[in-house]
Amino acid sequence: VQLQASGGGAVQAGGSLTLSCAATDGTFSFISWGWYRQAPGKQRELVADIAEDGMATYADSVKGRFTINSNNAKNTCYLQMNSLKSEDTAVYYCVAMDEDYHNYWGQGTLVTVSS
């Protein structure tokens, strides 16, 4: 199983981006998806995650601005990011957990927000 993350880029503060994460090369059944980010000099932190029942959780710093969605039929996950701030600048990683509680990580996609 490989996770391919895409959608990162450079945007001005207040702008929007949508990140995508697609699972390929295997047969999979994921019970949850998540997005983490790591800013320069900081630890990786959880941004949002979503369970197979659709229940989502968000970091306080992104609540009301970011929305996570998954489409298990298409083995994809999305992170809609609105009202971006300079502090959202980071490499964003997607992760998917299978029924054996094994996590698969994507390669990361860079988001740069300029003020």
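The values are calculated or read from the model by the stated rules, or taken from the named source; none is laboratory data. Nothing here was measured: the structure is a model prediction, and the numbers come from that model. All Cβ positions, even for glycine, are placed from backbone atoms using ideal geometry, and neighbour counts span all protein chains on display. Just so you know, the surface numbers come from the protein's heavy atoms only, side chains and all, with ligands and any DNA or RNA stripped out. Shrake-Rupley method; radii C 1.70, N 1.55, O 1.52, S 1.80 Å.
For Thr27, are the conditions met, namely being out of contact with any Phe, Trp or Tyr (no Cβ under 6 Å at 6 or more places or on another chain), assigned to a loop (DSSP other than H, G, I, E, B) and among the hydroxyl-bearing types (Ser, Thr, Tyr)? Spell out the reasoning first.
Details: out of contact with any Phe, Trp or Tyr (no Cβ under 6 Å at 6 or more places or on another chain): yes; assigned to a loop (DSSP other than H, G, I, E, B): yes; among the hydroxyl-bearing types (Ser, Thr, Tyr): yes.
So Thr27 passes the test.
Does region 4-16 hold any residues that are of a type outside the set (Gly, Ala, Ser) and open to solvent by less than 30 Å² (accessible area, probe 1.4 Å), and which are they? Even if it seems obvious, please write down each step before you answer.
Step one: of region 4-16, the residues of a type outside the set (Gly, Ala, Ser) are 4, 11-12.
Selection gives Val11 alone.
Output the residues belonging to region 72-89 that are within 17 Å of Asp25 (Cα to Cα) and not β-branched (Val, Ile, Thr). Answer for region 72-89, where residues must be within 17 Å of Asp25 (Cα to Cα) and not β-branched (Val, Ile, Thr): Asn72, Ala73, Lys74, Asn75, Cys77. Counting only residues that are outside any strand (DSSP E or B) and open to solvent by less than 90 Å² (accessible area, probe 1.4 Å), region 103-115 holds 1 of them.
For Asp60, the conditions (1) open to solvent by 60 Å² or more (accessible area, probe 1.4 Å); (2) touching a strand residue (DSSP E or B) at 6+ places or on another chain (Cβ under 6 Å); (3) not aromatic (Phe, Trp, Tyr) all hold with the exception of (2).
Conditions tested, residue by residue: (1) in contact (Cβ under 8 Å) with a residue 60 or more places away in the chain; (2) closer than 19 Å to Gly8 by Cα; (3) within 13 Å of the chain's Cα centre (by Cα).
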| site | (1), (2), (3) |
| --- | --- |
| Val47 | no, yes, yes |
| Ala56 | no, no, yes |
| Thr67 | no, yes, yes |
| Lys74 | no, no, no |
| Gln80 | yes, yes, yes |
| Asn103 | no, no, no |
| Gly108 | yes, yes, yes |
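A single entry from Ala23, Ala51, Ala90 fulfils the requirement of being at pLDDT below 95, surrounded by 13 or more Cβ atoms within 10 Å (Cβ to Cβ) and in contact with a strand residue (DSSP E or B) (Cβ under 7 Å, 6 or more places away or on another chain): Ala23.
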